[in-house]
Amino acid sequence: MKILVAVKRAIDYNVKARPKSDGTGVDLANVKMSMNPFDEIAVEEALRLQEAGKVTEVVAISIGPTACQETLRTAMAMGADRGILVQTDDEVQPLAVAKLLQALVAKEAPGLVILGKQAIDDDSNQTGQMLAGLLGWPQGTFAAKIDVGEGTVEVKREVDGGLQTVALKLPAIVTADLRLNEPRYVKLPNIMKAKKKQLDVVSPADLGVDITPRLKLVKVAEPPARAGGVKVADVQELVAKLRNEAKVI
Ligand code: AMP
């Protein structure tokens, strides 16, 4: 069985994102970019399945500008067998990503597609669900554990108040949550090896997908600054403030 893993190049999770002064987006000038953390978890899970002998090939896919090749090389240094870049400098929203992945699924015929549960730049949490919808495949989102059996995959999902277990027929879509695994560190010799692995570049037009945005970004702004706290002398004062000022009791 082949696994496709979607890896997005996103603002590094250690960087404090700042809106551009004109509010048209997030300022990405000279900002460190990395693989979206949930996608590292997705790659790790695919590799563990391969190491367990359940998977024959792991293919990483990234959609975006040329710089996404770095993200694919990172996935290949972790252990992915090859990479596909769907290259575009245009904005690609979740529905367009899902349609591009759908086109690649038609070409590659994987048994499983693993995505991150969400990209930490747009926080959409939509792509995996949309891809499952487009393909008519079962989905196990927010996976904390997966077990691949004969023609099935069992996914433990993180839901409010606990874990829900679903059994899906393959082929299926899984999105990775934080507790699924701890991704491996990339070793230097593997970075060198990854440079030689196959990386194909295609365009959205090659895949016959129209990526015109459907959503309009109205404005990006900092959240309002939090007002400072105050110390109260005793419980009576606290209760009075909650009643008269905060009006919550
Ligand atoms: P989102 O729906 O934008 O929060 O993204 C959910 C997941 O979809 C990410 O964790 C990735 O696995 C995948 N994804 C989204 N955008 C891209 C992209 N441009 N290239 C590759 N994978 C992506």
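Just the number, please: Stokes-Einstein D of the range 199-249 in µm²/s, Kirkwood Rh from C-alpha pairs, 10 °C, 1.306 mPa s.
For the chosen part, D equals 93 µm²/s.
Just to make sure I understand: if all protein chains stay in place, what is the order of 48, 226, 18, 179 by accessible area at 1.4 Å, largest first?
226, 179, 18, 48
How many nm separate the modelled label positions at residue 107 and residue 57, each set 7 Å beyond the Cα in the direction of the Cβ?
Those two pseudo-labels are separated by 1.2 nm.
Normalising by the residue count of the range 2-246, find the relative contact order in percent from Cα pairs under 8 Å and 6+ residues apart.
24
Share of antiparallel DSSP beta bridges in the chain, in percent to the nearest 5?
Looking only at bridges with both residues in the chain, the antiparallel portion is about 40 percent.
Taking 0.36 nm per intervening residue step and subtracting the Cα-Cα distance, what contour gain separates residue 89 from residue 160 on full extension?
Values: separation 71, 0.36 × 71 = 25.56 nm, distance 3.76 nm.
So the extension gain works out to 21.8 nm.
Choose one answer from 91, 57, 44: the residue with the largest mean-square fluctuation in a GNM of the chain with alpha-carbon springs under 10 Å.
91
Based on a Kirkwood Rh over C-alpha pairs, give the Stokes-Einstein translational diffusion coefficient of the chain at 37 °C and viscosity 0.692 mPa s in µm²/s. Show your work: numbers first, answer last.
Details: Rh = 19.8 Å.
The estimated diffusion coefficient comes to 166 µm²/s.
If you stretched the chain out fully between residue 205 and residue 178, how much longer would it get, using 0.36 nm times the residue separation minus the C-alpha to C-alpha distance?
Length gained between residue 205 and residue 178: 6.3 nm.
Take residue 241 and residue 31, extend 7 Å from each Cα along the Cα→Cβ direction, and tell me the distance between the two endpoints in nm.
For residue 241 paired with residue 31, the spin-label model returns 3.5 nm.
The values are calculated or read from the model by the stated rules, or taken from the named source; none is laboratory data. Predicted model, so just to flag it, every value in this text is computed and none were measured. Quick reminder, even Gly has a Cβ in these numbers, built from the backbone with ideal geometry, and neighbours come from all protein chains shown. We work out accessible area using only protein heavy atoms, side chains counted, and drop any ligands, DNA or RNA first. Shrake-Rupley method; radii C 1.70, N 1.55, O 1.52, S 1.80 Å.
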